[in-house]
1. Give me, ordered by chain and number, the residues 5 or more places off A:Leu64 or on other chains with an amide H under 5 Å from its own placed amide H.
2. Work through the residues other than B:Val371 whose Cβ is under 9 Å from its Cβ and net out their charges, Lys, Arg +1 and Asp, Glu -1.
3. How many percent of the accessible area of the range B:616-661 is carbon or sulfur, using a 1.4 Å probe?
4. Which value, in debye to the nearest 20, describes the size of the charge dipole of the range B:619-704 about its Cα centre when Lys and Arg Cβ atoms bear +1, Asp and Glu Cβ atoms bear -1, and nothing else is charged?
5. What are the ³J(HN,Hα) couplings of the range B:104-109, residue after residue, when phi is run through the Karplus curve with 6.51, -1.76, 1.60 and θ = phi - 60°? Round to Hz, x for glycine and proline.
6. For A:Glu122 and A:Met80, what is the calculated FRET efficiency with R₀ set at 25 Å and r taken between the beta-carbons, to the nearest 0.05?
7. Per residue of A:40-51, how many C-beta atoms from partner chains lie within 10 Å of its own C-beta, taken as a mean?
8. What GluC sites (Glu not before Pro) in the range B:610-677 are in a loop by DSSP, with at most 13 other Cβ atoms within 10 Å of the Cβ?
Amino acid sequence: MGAIRAEIPNLVRTVHSLAGKYLTFSLADEDYGIEILKVREIIGVMEITSVPHTPIFVKGVINLRGRVIPIIDLRLKFEMESREYDDRTCIVVVDVHNGSLLVGMVVDAVSEVIAVVDKEIEPPPTFGVRLGDAGSILGMAKMASGVKILIDVDTIVGVGVALEFQDI
Amino acid sequence: MAEGKRAVSVILDDMALKIMLVEPGNLIGVGELLACAEELLSLGEGRVLAALEKMVEVFKSALEQVIMNSLPDTAENFDALAQCIVCMQEVSRRGVVTEQDFDRFSQVITATGFVLADNTLIIQGQSNSIGGEQTVNTEEGNSTSPTSKAEDKSSPVVNLDFLQDKELLGGFIEEAFDHLESIEVNVLELEQRPDDQEIINNIFRPFHTIKGVSGFLNLTIINKLAHTTENLLDDVRNGVRPMDSTVIDIVLNVGDQLREMVENVKAVLENGPGEYKEFDINPFTQRIDALRTLGGEGSGEQGAESLPATSSGSDAVSIVPDDSPLAPERVDPPVQPVAKEIRTSQQKDENTPVETEKKSSKMGVSIKVDVEKLDGLVNAVGELVIMQAMVRQNPLIGKISDPKLTKDFSQLSRITTELQKTAMAMRMVPIRQTFQKMTRLVRDLSRKSGKMVDLVMVGEDTEIDRNMVDSIYDPLVHMIRNSVDHGVQLPDERKKNGKPSTGTVKLSAYQKGGNIVIEIEDDGSGLNSDKIRKKALERRLIRSEENILDSEVNNLIFLPGFSTADKITDVSGRGVGMDVVKKAVEKLRGKVEVISQPGQGSQFVIRLPLTLAIIDGIVVRVGTERYIIPTIAIQESMRPDSSKYNTVHGRGETLKVRDHLVPVIRLFELFGIKEANKDLNDSIVVVIENEGRLRALMVDELLGKQEVVIKSLGGYLKDIPGVAGGTILGDGRVGLILDLAGLIAVSDGFKVRDVESE
């Protein structure tokens, strides 16, 4: 089921070119990229109010200039090892569903904005069962500075937490 | 002229100009033309040649057919229609109608495929002309029915044409609801003063607007129903038939039907064509037609009256100048301003209606604002207030002892407070509309039950939160229904008890403290406390040895389950489904109670917060987290006494609070907070009540009382059990507002799950 779900968006995506500008950031030793147009702003880590009855990767909510927005920890979301926040830790606020939803994602550090062209992009490799949900990966960009994993913000935060939580 | 009426020639010139701009498929242009034609017709006798009037009428029905798609809207047809206008212009200029004019006109108009009824346009003897007039009428009436039949066959495709212009449609829906509401209010007012011409006009106008707009939006059925009703009202307006209860009933029924249809259109617009429903309006149209033919002789006479102008020789067929003092003052033609409104909504028209200015002088100028923008403003203002507090609390600034700074700060906070108040006030609307809907309800109910009931309303200008208006409607209906159905007795019985045979239900609203209070008071039989007590004993809601006051017993009717088992009607006649009312009111964070005097009547009092956006809460601390508990649900808070603490199976904890065993909810456990105080004796319990259930929430500390602005946690984190939303606390951090109903549900489930997992 999960595989099928991952297949369909991939098929659709190949129609659109993935080339464009990406904001890159790091999680552990890996580099990730998200579409620059989805990024609303980058803020430092502030005090987060935790919300009960949410999955572990939901750190809670913060006050973003009068708006209450949820914060998710990308390391935990990708089931990676968690790590203490430091002064390099950032919250990347992304704009999902055309601005109707703002979500903050905690990342280890923000690197740079890169321009990716089509020929540098490879479709996501298949990892089989080792990587449960790879559906959020758009593709891999082979840059001179290393491989960047291009991820789709909409897929990551697209599903409401309440729904996901019910499965747990 | 003085009233903004345009001269015949001016309108015709306008039409000539407009038809040049109309292209196939441009229905809005046709709508504008239609409005012009109606404007011409509305000028009244004496202003327009009777013969010309007929031409305009034929022209108008041709336009209507174009709109309804039964005439093809090709360029050729518009050319033909343009020639018709030229023809009318000539007639109007010469002031005389000749046979040739008619011939030319009918030739041109039939070229479009328009079927001209025989002798519609023939000027002969008087009798013939009457025939002519009638054919025009039937023509008009019939022209809609074959079209709608044709459309029925090819239904969904054609019928959903109206979805083409969603924005226009959205506007129409909103307006239509307003119009329907005003119709209802006016009809009910008319019942009190049946001869008031102004009210009749006020009813006529919205029907006309609905007819017009639905016409060019291709909402055929709505258009037809509104049109038929308008015809009926027109008869009333012209004094052909009196405004009696039959007419009023029909108008009210049609209003309901229209509302249903418009609601369906709204559903289609929101959820797609799948929602589309077919409505059968034939019962209405047939009833109206039957009614009209019954009183129809009058309209025939009227036709005759208007005739001499045409028939009594050429000298009579002359144009009466537009501003002639001879022009008989007719009943204020409401058609014109309406037509104008339609046009201005389509196009920036320089001739901004004089009518709008007139209206605004009465009601105050207002604009419609997107709720989202308003919320944005409220958000920003809320943030401003917090920011200001943070700047003020900055230790560096605290060190400055400058009187000017202090003064400036207090000035600043005055301004921000004012700003916040204004922003909040913008969301408020008078409760009038909700109240007025009750008039109708009381009327229907009293008629049905054979009782005589007066509805007295006080304080309709009291303002409540826009978001609350819809939610308060149902509970109000419920209570009014209760008061009329069960409270107020039948006239005979009332007389026996020495009361006037007409009962009174008083609906009042006022602001008190930080609350809106709505009271529903009747002078009926009141609650029968003894029977309620008996029932409560049966249901073991109270114990016989308990000494409970009648007033407390009466409030038991709000308990869920109290009324569901069997009809309370035979107990006291009151209280059916009152738990529903209580639930609805509690959802709005309000309270409801009943005060009753046997034999004298009962009074329901609803207390609601001023706004839904702000909540009055107690901030509590649990470990490192802070939560807000709505004050209205809090019964008391205390340091628990270990002698009152009990456990069941060592886990289910209860606390004895004023003779009730209240289950304890350990918030830190429920919310998984680690660094919290785990000893009940060192903590504080807050006793809360929700839907009749009591719970003791265990918290670490009470931090204070605060009014907080409720914010949603966003779509991503919606429906978190136990959390109603978030707010921004004084230090800029987010605090969570507890949802007590959810909390209780989670804790009940939580305990079960906990036990199982152990």
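1. A:Ile69
2. Details: positive: B:Lys373, B:Arg427, B:Arg466; negative: B:Asp370, B:Glu372, B:Asp375.
Around B:Val371, the surrounding residues sum to 0.
3. On the way: 1210 of 2600 Å².
Using a 1.4 Å probe with all protein chains present, the range B:616-661 comes out at 46 percent carbon and sulfur.
4. On the way: 12 positive and 13 negative charges, 27 e Å.
Roughly 140 debye for the range B:619-704.
5. Whole-Hz 3J(HN,Hα) from phi for the range B:104-109: 5, 4, 5, 4, 5, 6.
6. Numbers: r = 22 Å, r/R0 = 0.88.
After rounding, the FRET efficiency stands at 0.70.
7. Details: counts 0, 0, 0, 0, 0, 0, 2, 5, 2, 12, 8, 10.
Other-chain Cβ atoms within 10 Å of each residue's Cβ, averaged: 3.
8. Working: sites: B:Glu625, B:Glu636, B:Glu653, B:Glu669, B:Glu675; in loops: B:Glu675.
Counting only loop positions with at most 13 other Cβ atoms within 10 Å, the GluC sites (Glu not before Pro) in the range B:610-677 are B:Glu675.
The values are calculated or read from the model by the stated rules, or taken from the named source; none is laboratory data. Note that the coordinates shown come from a computational prediction; the quantities given were computed from them, not determined experimentally. Every residue, glycine among them, receives a Cβ derived from its backbone with ideal geometry; neighbour counts consider all protein chains shown. We work out accessible area using only protein heavy atoms, side chains counted, and drop any ligands, DNA or RNA first. Shrake-Rupley method; radii C 1.70, N 1.55, O 1.52, S 1.80 Å.
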